[in-house]
Amino acid sequence: MSDVSAPDLNAPPTEAERIRARKRFDGLCQRGTAFLGTDYAILGGAMSWVSERHLVSAISNAGGFGVIACGAMQPERLAEEIAATRALTDRPFGVNLITMHPQLNELVEVCLQAGVGHIVLAGGIPPGAAIKAAKDGGAKVVAFAPALVLAKRLIKMGVDALVIEGAEAGGHVGPVSLTVLAQEILPHIDQVPVFVAGGLGRGDALLSYLEQGASGGQLGTRFAAAAESIAHEKFKTASCGPMRGMPLRRCSLMSVFRLFPYVGW
Ligand SMILES: Cc1cc2nc3c(=O)[nH]c(=O)nc-3n(C[C@H](O)[C@H](O)[C@H](O)COP(=O)(O)O)c2cc1C
C-alpha cells in the first residue's frame, strides 16, 4: 500500500493556488475583455423588449457588456434608448440589430451617430453593406455563426467577432447544441474572438468553453431573471427557478458577478 495520502479535494485553495488560478483565468478572458473593453468577458445577450436601458446599464456597470435589443424599434426610438442607456452608464455597451428589419441601414446610422462602439447583427447572415457601413463608421461588428462554414464566411465579410449560440439558448431556434457547435467551430477559428451562448448559468460552465478556446460568453435568460430586469416575475420564476430545483424569484447581477468565474449560485 502506498503511504501517499490522497489530496483533500474539498480543502479550500491556498493563497498561491488562488493567485495561479486568477492569472490563468485572466489569460483565458484577455482577448474577450480587450475586445469588449470590460472587466468580464461576458455579454448580456440582447433580448427584445427586455434588454432595455435598465438591464443593459446594470450589466455594463457591473463589469459586463450590456447590449440593447433593437428588435422592432424604429430609428428614433432606438436613438432614444441609446441616449437613455448612456445616461445610466459610462461603460461600454452595444446594440443588437435584427438583419431583417426593413430600416437596417438607418438603424446602423443611428448607432454610428450615437458613437456606439459595437453593433451586433443578428437574425441571419448580415448584408455585406451593413457590415461595411458599420465598420466604415468606426464600430466593431459582431455576428452569429451557426456552422463552421458560415463562421469562415462571416470573417471574410469583415466581422470582428462571432457568437456561437446553441439550441439551449432562450429565444433561439437553431437545432445544434452549444456542446456540438463549440467542438465544430472553436478549434478552427482564431482570427477573431468567439463568444459562446446557450444554456450558460454557471461560471464553471463558461470556464469549460474558455478552455476550449472561446474568448467569453453571452448569457440571456439568467439576466432576464435578474432583479434589474423588467421581465415579469412569473417569467423570472418559470425560466430560472428550475436551475436551483426550487423557485427563484430573482437574482441580482452583483451576486452573479461576485461568484464568477469559478462557482455557480
Ligand atoms: C426573451 C428572449 C429574447 C431574445 N431576443 C433576442 C434578440 O432580440 N436578438 C438576439 O440576437 N438574441 C435574442 N435572444 C437570445 C439572447 O441574446 C442570448 O443569446 C440567449 O438568451 C443566450 O442563451 P441563454 O438564454 O440560455 O443564456 C433572446 C433570448 C431571450 C431569452
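For the reader, a short list of remarks on this structure follows.
- Between region 8-30 and region 88-116, the Cα center-to-center distance that results, in Å: 38
- Shape call, region 39-259: gyration tensor on alpha carbons, a/c limit 1.5: oblate
- Long-range HN-HN contacts of G71 with modeled amide H, under 5 Å: I98
- Report note on the peptides 217-227, 88-98: ranked by the mean count of other C-beta atoms within 10 Å, highest first, their order is 217-227, 88-98.
- Straight-distance crosslink candidates among aspartates and glutamates, where the alpha carbon sits under 20 Å from K132 and sequence neighbours closer than 8 are dropped: E106, E109, D160
- Within the chain: Cβ-based charge dipole about Cα centre, in debye rounded to nearest 20 (Lys, Arg +1; Asp, Glu -1): 100
- Take every pair of alpha-carbon atoms less than 8 Å apart whose residues are at least six positions apart; their mean separation over the length of the chain yields a relative contact order of 15 percent.
- The chain - mean residue ellipticity at 222 nm from DSSP helices (-39,500 (n - 2.57) per run, n ≥ 4, rounded to 500): -12000 deg cm²/dmol
- The chain: DSSP helices with Cα axial extent of at least 18 Å and average Kyte-Doolittle hydropathy no lower than -1.0: 15-36, 75-88
FYI, it's all coordinate maths here, none of it is from the lab. Note that this is a predicted model, so its numbers are computed, not measured. Cβ: placed from backbone, ideal geometry, glycine included. Neighbour counts: every protein chain shown.
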